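Read-outs throughout are calculated quantities, based only on the coordinates presented, and are distinct from any laboratory measurement. All values derive from a computational prediction rather than experimental measurement. Glycine also receives a Cβ, built like all others from the backbone with ideal geometry; neighbour counts cover every protein chain displayed.
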Number of protein chains: 2
Amino acid sequence: MKQKDHEAEYRIMEAAKIVFHKRGYFGARMQEIADEAGINKAMLHYYFRSKKNLFEAVFQEALGKVFGKIMSSFSKAGNFEDKLSSFVDSYIDLLISDPYIPAFVIHEINHNPEGIKNFLNEKTQVNPQLLIELINNEIKNNNLKDIDPFQIIMTIISSAIFPFIGKPILSHIFNIDEELFIELMNERKKIIPEIIMNGIRK
Amino acid sequence: MKQKDHEAEYRIMEAAKIVFHKRGYFGARMQEIADEAGINKAMLHYYFRSKKNLFEAVFQEALGKVFGKIMSSFSKAGNFEDKLSSFVDSYIDLLISDPYIPAFVIHEINHNPEGIKNFLNEKTQVNPQLLIELINNEIKNNNLKDIDPFQIIMTIISSAIFPFIGKPILSHIFNIDEELFIELMNERKKIIPEIIMNGIRK
DNA sequence: GTCTATATAGGGATAGAC
DNA sequence: GTCTATCCCTATATAGAC
């Protein structure tokens, strides 16, 4: 009936994102995705051949988002502190708008570690070597303490991403509602670079 | 045949831990747990009535581990830096011996956020108020900068836990094998307190 | 392209012999 | 307590009408 072209496909993808993010691959039900999209279950198989196919479309989009922005901030102009601030700022913005992505990606990768290798090598250019060299240079120039760059990078990434992964637990323990959580994450944009730069500056 | 008492039950629990941690609740198969335990599938239902029951036994043990040690370090004697070091040290040790636990607990809580409330209130005494007051005191005494205690706590916890959650991705990107990973995590015991204390000390 | 009806398999759970 | 055989529901996937 509807000739609206990619409309159905788009709605299926949106619905699939919601359900897969919420339930994971094995917990997700094709019926729930169909309901969420407001269409029939058979349509899912018409547009995407199988559950696995549909999942992979959702998964790769999520992978692209988590890995896409990591390097770009650090290749911008400015000193190390500026780059760090720029990264944390844009990454937390990304996570505020798509808070489910890190937990989703990490869970699925943990359960299929081989699956990631193909994708990461092909599509996403995640080359930590440039970042490591950047930090090593700062150390050589006496701007930063002599700390293993891996440990510095790890601390930055952890501080930005983990609160979103642990959100349900943290919200409960600290009694934080949705609005306050976003406010706190926005504050973290300033606080993470502040703590870490003071922690590693020479 | 075997009258070895709790032997079978113990083996089932060990097998269930492995499989649930690896696959999550919905991904786990009773058959795989039985194989892993080296017994028959029917025995699982004899000892634990259902998959859900078995899962909950595994889940609650994991919850106890992640939340058990959080508060004890911070209520030890010594100044804030000592307490922080003691916490990071014992927590990373815990995660080195049970590296799968954080990802497991977080995933299951994300998929059943209501489930946690009963457990956390009853069994695990996680009261962040004491920790917040401890930090506020240090701020008042001019030992620490005036930073929201939540943000400090968040940075500590994130830095310690996240590397274990993101391990499969990180190992791949940074080309880290099992042995090196443990070495790096052991180094983190010194580096996290160092970076954070320098970052927040007045 | 969209729907209803149905085939098929997989996996949790139980019955019942030993 | 332990095993084999089997029940039965659920969920993916397809057939086929419109």
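Quick look at the numbers
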{"quantity": "Residue in the stretch A:37-47 that is within 13 Å of DNA strand C (Cβ to nearest atom), within 20 Å of A:Asp98 (Cα to Cα) and more than 14 Å from every other protein chain (Cβ to nearest Cβ) present", "calculated": "yes"}
{"quantity": "Answer from A:Lys76, A:Lys167 - the residue that is surrounded by 13 or more Cβ atoms within 10 Å (Cβ to Cβ) and either closer than 29 Å to B:Ile191 by Cα or not aliphatic (A, V, I, L, M) (or both)", "calculated": "A:Lys167"}
{"quantity": "Residue tally, condition without any contact (Cβ under 8 Å) to a residue 12 or more places away in the chain and closer than 15 Å to A:Gly199 by Cβ, over the stretch A:158-177", "calculated": "1"}
{"quantity": "Test: residue in the stretch B:79-100 that is within 16 Å of DNA strand D (Cβ to nearest atom), within 22 Å of the chain's Cα centre (by Cα) and closer than 24 Å to A:Phe104 by Cα", "calculated": "no"}
{"quantity": "Elements of type helices (runs of 4 or more DSSP H) contained in the stretch B:97-202, each with 3 or more residues being facing chain A (nearest Cβ under 9 Å) and over 20 Å from A:Ser159 (Cα atoms)", "calculated": "B:113-122"}
